[in-house]
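Below is one structure, written out as structure tokens; the observations come after it.
The values are calculated or read from the model by the stated rules, or taken from the named source; none is laboratory data. Everything quoted here is computed from the prediction, not taken from an experiment. Using ideal geometry, Cβ is built from the backbone for each residue, glycine included, and neighbour counts are taken over all protein chains shown. These accessible areas exclude ligands, DNA and RNA; they are computed on the full protein's heavy atoms, side chains included. Shrake-Rupley method; radii C 1.70, N 1.55, O 1.52, S 1.80 Å.
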Amino acid sequence: QVQLVESGGGLVQAGGSLRLSCAASGRPFSNYAMGWFRQAPGKEREFVGGITRSGSSTYYADSVNGRIAISRDNAKNTGYLQMNSLKPEDTATYYCAASLFNAGRLTTDKYAFWGQGTQVTVSS
């Protein structure tokens, strides 16, 4: 199994940027595709984007496309979510997840391993 720990969340003003990290331990991180999700209070968990095992392919949800970039450094066992031009509606708990299926876009049930989440709050 792989264990995931997110970090980098916090409070930021609208228009600002944040970079979230997802540190993996246990099994080799390169064995897994990685996804990022978010969940706002009272809302369902939303897929933000994903990246394949090697990092060669990424997928972004329409709601964030053009404002985010997902990357990974398998040598460091770490994945990243760079978020720019943040909006108040981006406020949520952000989760990284790992999947043994290798694709940038996967349904939630394909991700077997999850981090505990990190809070992002965007003030207007």
Selection from region 54-65 of residues β-branched (Val, Ile, Thr) and open to solvent by 30 Å² or more (accessible area, probe 1.4 Å) yields Thr58
Please name all residue pairs, on different chains or six or more residues apart, with Cβ atoms under 6 Å, provided the first residue is in region 25-43 and is open to solvent by 50 Å² or more (accessible area, probe 1.4 Å) and the second residue is aliphatic (A, V, I, L, M). Gly26/Val2; Arg27/Val2; Gln39/Ala92
Any residue that is farther than 18 Å from Val5 by Cα, among the hydroxyl-bearing types (Ser, Thr, Tyr), open to solvent by 10 Å² or more (accessible area, probe 1.4 Å) and touching a residue at least 60 places away in the same chain (Cβ under 8 Å) - is there at least one of those in region 75-97? yes
Hits in region 20-71 (condition: of a type in the set (Lys, Arg) and either in contact with an Asp or Glu (Cβ under 6 Å, 6 or more places away or on another chain) or over 14 Å from Ala103 (Cα atoms) (or both)): Arg27, Arg38, Lys43, Arg45, Arg67
Let me confirm something: among Ile51, Ile68, which residue is more than 17 Å from Gly10 (Cβ to Cβ), touching a residue at least 12 places away in the same chain (Cβ under 8 Å), surrounded by 21 or more Cβ atoms within 10 Å (Cβ to Cβ) and among the β-branched types (Val, Ile, Thr)? Ile51
